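J.: Got a structure for you, written out below as structure tokens; questions coming shortly.
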Amino acid sequence: MSEPGLIQQQRAILRTFRQATSQRAKAETDAETRGKAEREAADAALNQARQKAAAQLAQAQKAQEQAQAAMTQAGLQYLLEQTQPAKPAAHSSANPAQELARYVSVAVEAPASIQAGIEALQQWRIVAASRRRLRRLAFTAFVLVALLVLLVVGFRGYQTWRTEQLYRAAVTDLEAGQWEKARADLQKLASIDSNYKDSKILLCESYYRPAVAAVQAGQWDVAKEAITQLYRLDPTYKDIPSLITAHPELLILYQADWSSGPDGWPQSFGWRALNGMLVSDGAYGPGWGWRSNWIAAPCQLGQVPDYIVEAEIQLAQPTSCGCFGIVVREAYQVGVHVCGYQRVLIGTPDDEPFEGHDFSPGNSWHKYHVEVKGNTLTVIIDGQLIAEFKNIRHLSGGAAGLWSDRTRINVRSFTVSGAMTTR
């Protein structure tokens with residue numbers, strides 16, 4: 001090879017080397033520049049991640065501290081261990097990736113811890129609300145019980161005061177002779193305490209004193225009412241038994257009340273209750289017979305043989321031939337016969353003979369009084385003795401009642417009185 005050709009070859013190799021060296025230097029420079037840029041970008045990203053993680057951690061720590069403070073205030077310290085997030089251990093590692101991972105793990109755990117704290121706080125609020133409700137209910141129950149006790153004590157105190165006031169008022173009324181007022185006070189007292197002191201004796205006394213005074217004054221209707229009421233309270237009170245024995249007509253055994261209906265009386269043979277009375281249309285039973293035209297009073301006389309029947313009767317319409325009156329001992333029809341003549345006659349199931357006595361009823365009201373005592377039957381009309389029949393045959397007890405045969409009559413009262421004694 002000639003010398004110029006060799007020189008050219010060397011120059012080409014030198015140029016190639018220089019180009020390669022220049023390219024390498026450029027590549028190294030570019031690589032260093034890219035590495036620096038990447039390191040700077042990584043440092044910036046790391047700093048940004050650190051700042052973000054630090055902000056999240058600070059926020060989570062603040063929320064955790066607030067939740068812990070609320071739980072501590074609510075007395076739920078025992079839940080702190082369950083809700084306390086693990087704190088990152090202090091490391092001095094210079095590895096940014098590891099430090100970033102630790103902060104990220106803490107930031108990830110923080111919301112769960114906060115949620116657990118919130119749930120615990122909500123649970124505490126529910127428990128606290130339940131406890132408050134229970135306390136309110138307990139307090140309300142206590143107040144109600146206290147009020148009830150106060151009411152009971154107050155009511156009993158009022159009752160004690162009221163009973164004493166009624167008792168004193170009744171005593172005062174009795175001393176003043178105000179019998180009705182005394183009875184009203186004693187009845188009110190009995191509705192509170194029927195055994196208060198001697199209130200029962202005072203009630204008997206409110207009937208006994210006016211009864212004795214009425215007997216002494218001959219006020220028999222007043223005496224009859226008072227003695228009847230007293231007999232129902234205590235038939236053995238003081239001398240009431242001997243007083244009734246001497247005056248059997250003073251004890252009412254039965255008294256009809258047709259103000260609301262028949263009052264237990266049979267609605268047969270033309271009898272019915274009307275306008276507070278018992279009326280008969282004069283119907284006659286099928287065929288002739290003892291029981292075909294009379295009805296029994298709904299009073300249980302049993303075997304009581306001696307009693308008095310009083311009835312107020314009016315002949316409502318004149319009759320050409322009929323009769324009416326009172327039945328005693330279930331054997332004697334005592335009354336007025338109007339059939340051309342007008343007489344008081346007695347009918348019996350065995351045609352026991354009796355003498356008639358003249359009496360004209362007209363259309364006025366008359367009070368008929370029939371008494372059976374032993375073997376004597378007495379008839380009194382309007383307080384006047386009409387007849388007295390001796391040696392009657394039927395001496396045993398039996399029903400009392402009314403009868404009407406082909407006569408229209410009105411009856412506005414019916415009373416049975418007498419001593420409750422039997423032979």
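The values are calculated or read from the model by the stated rules, or taken from the named source; none is laboratory data. Owing to the predicted nature of the structure, the values given are computational and were not obtained by experimental measurement. Note: ideal-geometry Cβ built from the backbone for every residue, glycine included; neighbour counts use all protein chains shown.
J.: Suppose we filter the stretch 155-173 for residues that are at pLDDT below 90 and either in the same structural domain as Leu202 (by TED's automatic domain parsing) or of a type in the set (Val, Ile, Thr) (or both); how many remain?
T.: Qualifying residue count for the region: 2.
J.: State which residue is nearest to the chain's Cα centre (by Cα) when the search covers only the stretch 193-221 and only residues that are part of a helix (DSSP H, G or I) and either surrounded by fewer than 15 Cβ atoms within 10 Å (Cβ to Cβ) or at positive phi (or both). Give the derivation first.
T.: Residues of the stretch 193-221 that are part of a helix (DSSP H, G or I), as a first pass: 199-217, 220-221.
Remaining after also requiring either surrounded by fewer than 15 Cβ atoms within 10 Å (Cβ to Cβ) or at positive phi (or both): 201, 216-217, 220-221.
Values: Ile201: 33, Gln216: 50, Ala217: 50, Trp220: 46, Asp221: 43 Å.
Per the criteria, the residue is Ile201.
Per-residue answers, yes or no, for (1) farther than 21 Å from Thr378 by Cβ; (2) at pLDDT 90 or above; (3) not polar (S, T, N, Q):
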position: Arg232; (1), (2), (3): yes, no, yes
position: Trp288; (1), (2), (3): yes, no, yes
position: Ala297; (1), (2), (3): no, yes, yes
position: Asp306; (1), (2), (3): no, no, yes
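J.: Out of (1) closer than 24 Å to Val304 by Cβ; (2) touching a Cys at 6+ places or on another chain (Cβ under 8 Å), what's the single condition that is false for Cys339?
T.: Unmet condition: (1).
J.: Further, regarding this structure: What do you reckon, is Cys321 surrounded by 13 or more Cβ atoms within 10 Å (Cβ to Cβ) and at pLDDT 85 or above?
T.: Taking the combined requirement at face value, the residue does not satisfy it.
J.: Also, I was wondering about something else. If the Cβ limit is 7 Å and pairs must be 6+ apart or interchain, which residue in the stretch 149-169 that is part of a helix (DSSP H, G or I) pairs with which residue that is polar (S, T, N, Q)?
T.: Going by the 7 Å Cβ cut-off, the qualifying pairs are Tyr167/Ser199.
J.: Now for a separate question. Restricting the search to the stretch 327-341, which residues are touching a residue at least 24 places away in the same chain (Cβ under 8 Å) and either crowded, with 24+ Cβ neighbours inside 10 Å or of a type outside the set (Asp, Glu) (or both)?
T.: Across the stretch 327-341, the qualifying residues are Val327, Val328, Arg329, Ala331, Tyr332, Gln333, Val334, Gly335, Val336, Val338.
J.: If a residue must be within 12 Å of Leu203 (Cα to Cα), in a helix (DSSP H, G or I) and either touching a residue at least 24 places away in the same chain (Cβ under 8 Å) or polar (S, T, N, Q) (or both), how many such residues does the stretch 232-244 contain?
T.: Of the residues in the stretch 232-244, the ones within 12 Å of Leu203 (Cα to Cα) are 232-234, 237.
Pick out the ones that are also in a helix (DSSP H, G or I) and you get 232-233.
With either touching a residue at least 24 places away in the same chain (Cβ under 8 Å) or polar (S, T, N, Q) (or both) added as a condition, the list becomes 233.
Going through the stretch 232-244 one residue at a time, the tally reaches 1.
J.: The conditions are (1) in contact with a strand residue (DSSP E or B) (Cβ under 9 Å, 6 or more places away or on another chain); (2) within 30 Å of Pro241 (Cβ to Cβ); (3) in contact (Cβ under 8 Å) with a residue 24 or more places away in the chain, and Asn391 fails exactly one of them. Which is it?
T.: (3)
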